[in-house]
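S.K.: What follows is a structure written as structure tokens; I'll ask about it next.
The values are calculated or read from the model by the stated rules, or taken from the named source; none is laboratory data. Fair warning: this is a prediction, and the values are worked out from it, not measured in the lab. In this analysis, Cβ positions are derived from the backbone assuming ideal geometry, glycine residues included, and neighbour counts consider all displayed protein chains.
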Amino acid sequence: MRAIPAGGVDADVHIPPPSSRALLPYLDAHWREQAVLRGLDRLDFTLSSARPRLPVAARPETRADPSLDALRAQVLDPLRLRCAIAHALHGAIALHTEDMAAAFCRAVNDWVAAEWLDRETRLRASILVPMQNVELAVAEIERCATDPRFVQVLVPAMGDMPLGRRAYWPVWAAAEKHGLPLAIHGGSLFRHAPGATGWPSFHVEDLVLQAQAFDAQLASLVSEGVFQACPGLKVVLLESGITWLPTFLWRMDKIWRGLRAEVPWVKEAPSTIIRRQVRVSLQPVDAPDATMLSRTLDHIAAPEMLVFSSDWPHWHDDRPGPVPDGIDDALLRRMLIDNPAETWPRLRETVA
């Protein structure tokens, strides 16, 4: 495995979502009682898009033990990381009942703090928010923002509607106020078909179609004016891949030039806004070889846009380490240290 500079940041590691029973101590009295009376503590709240049993969900050596000790032994220690940002993608974000969704999101965030952050000082976390209700999502951001170990707000790439819609702006404003980037993670609530032509038949189709979701969300955030309304907001795309970005940037600029009277608040080329405000995680690398990867990185201005990620424990290919050929030492350092310090305000002192 290629040696990497010590003291870096891993932008994407996965905590196994807690069982409903494990969350009981973190629910308030009302919802704890409701969970038991209604049998919710016996339900599997795993997101369909997380697919924990698929081969790509975990490497063989981590499938049996996705624990904190395994995370230390396989990522934190060998990569000599200063910190890693962990996510617990729980089914609470897919519940239709707004109050229940908010209660379970609170419980998940408190469980993450107690069971992972308190036990490992190198871990930071994402705030899971109930986007079913904007006011409740803002309240959860305000609550968790008092803990500096929560460093970003987490939403799936496919939800109820495009993330640029103005109904969501109070959530992004709350994130910006507290210096919390918006992290958009691959995955879906399956409110809509993942492809424009309808529902696919196989997991492989769904996974390939994820790139379209990131494409659509970036177009929405730019076109609706989110970056004008929240100029300090950073957006981090997690597990999006990167090879789709050059053609997206070119196409977005081209069409904006012809239709910019429709969106007069977008006063700069979309590619300029995206390169300034958006960051992209390294894994999963979807370039087939080092030559194609280098060409893609040149097109997207990679020194500013890329952040390092191991995507532990997901298994995307058979490479022995998380850094592919085509990443030089200068870019690797920027991904690990410089770009995280510029992207996550709450990590600046830690990385320094």
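S.K.: With (1) more than 25 Å from Ala113 (Cβ to Cβ); (2) touching a Pro at 6+ places or on another chain (Cβ under 9 Å); (3) modelled with pLDDT under 95; (4) crowded, with 22+ Cβ neighbours inside 10 Å as the list, and Glu239 as the residue in question, which single condition is left unmet?
M.R.: (1)
S.K.: Output the residue which, of all residues in the range 139-167 that are small (Gly, Ala, Ser) and part of a helix (DSSP H, G or I), is surrounded by the fewest Cβ atoms within 10 Å (Cβ to Cβ).
M.R.: Among those that are small (Gly, Ala, Ser) and part of a helix (DSSP H, G or I), it is Ala167.
S.K.: Kindly provide the set of residues from the range 178-201 that are over 15 Å from Asp160 (Cα atoms), part of a strand (DSSP E or B) and either in contact (Cβ under 8 Å) with a residue 60 or more places away in the chain or in contact with a strand residue (DSSP E or B) (Cβ under 8 Å, 6 or more places away or on another chain) (or both), ordered by number.
M.R.: Answer for the range 178-201, where residues must be over 15 Å from Asp160 (Cα atoms), part of a strand (DSSP E or B) and either in contact (Cβ under 8 Å) with a residue 60 or more places away in the chain or in contact with a strand residue (DSSP E or B) (Cβ under 8 Å, 6 or more places away or on another chain) (or both): Leu182, Ala183.
S.K.: Restricting attention to the range 253-287, and to residues there that are of a type in the set (D, E, K, R) and not in a loop (DSSP other than H, G, I, E, B), which single residue is nearest to the chain's Cα centre (by Cα)?
M.R.: Arg279
S.K.: Kindly check whether there is at least one residue in the range 332-349 that is more than 15 Å from Val9 (Cβ to Cβ) and touching a residue at least 60 places away in the same chain (Cβ under 8 Å). Explain how you work it out, then say what you get.
M.R.: Taking the range 332-349 as the starting set, the residues that turn out to be more than 15 Å from Val9 (Cβ to Cβ) are none.
No; the residues of the range 332-349 include none that is more than 15 Å from Val9 (Cβ to Cβ) and touching a residue at least 60 places away in the same chain (Cβ under 8 Å).
S.K.: Here is a follow-up. So, of the residues in the range 280-311 that are touching a residue at least 12 places away in the same chain (Cβ under 8 Å), acidic (Asp, Glu) and out of contact with any Ser or Thr (no Cβ under 7 Å at 6 or more places or on another chain), which turns out to be farthest from Gly186 (Cα to Cα)?
M.R.: In the first step, residues of the range 280-311 are kept if they are touching a residue at least 12 places away in the same chain (Cβ under 8 Å); the result is 280-287, 289-294, 296-297, 299-311.
Filter once more, keeping what is acidic (Asp, Glu): 286, 289, 304, 311.
From the residues that got through so far, the ones that are out of contact with any Ser or Thr (no Cβ under 7 Å at 6 or more places or on another chain) too are 289, 304, 311.
Details: Asp289: 23, Glu304: 21, Asp311: 11 Å.
My answer is Asp289.
S.K.: Given the conditions (1) surrounded by 15 or more Cβ atoms within 10 Å (Cβ to Cβ); (2) farther than 21 Å from Leu306 by Cα, and given that Asp286 satisfies all but one, which numbered condition is not satisfied?
M.R.: Every condition holds for Asp286 apart from (2).
S.K.: Inside the range 296-321, can you point out the residues that are of a type in the set (Asp, Glu), assigned to a loop (DSSP other than H, G, I, E, B) and either touching a helix residue (DSSP H, G or I) at 6+ places or on another chain (Cβ under 9 Å) or modelled with pLDDT of 85 or more (or both)?
M.R.: Here is the first cut: in the range 296-321, the ones of a type in the set (Asp, Glu) are 298, 304, 311, 317-318.
Narrowing the set further to residues that are assigned to a loop (DSSP other than H, G, I, E, B) leaves 311, 317-318.
Listed by number, the list holds a single entry, Asp311.
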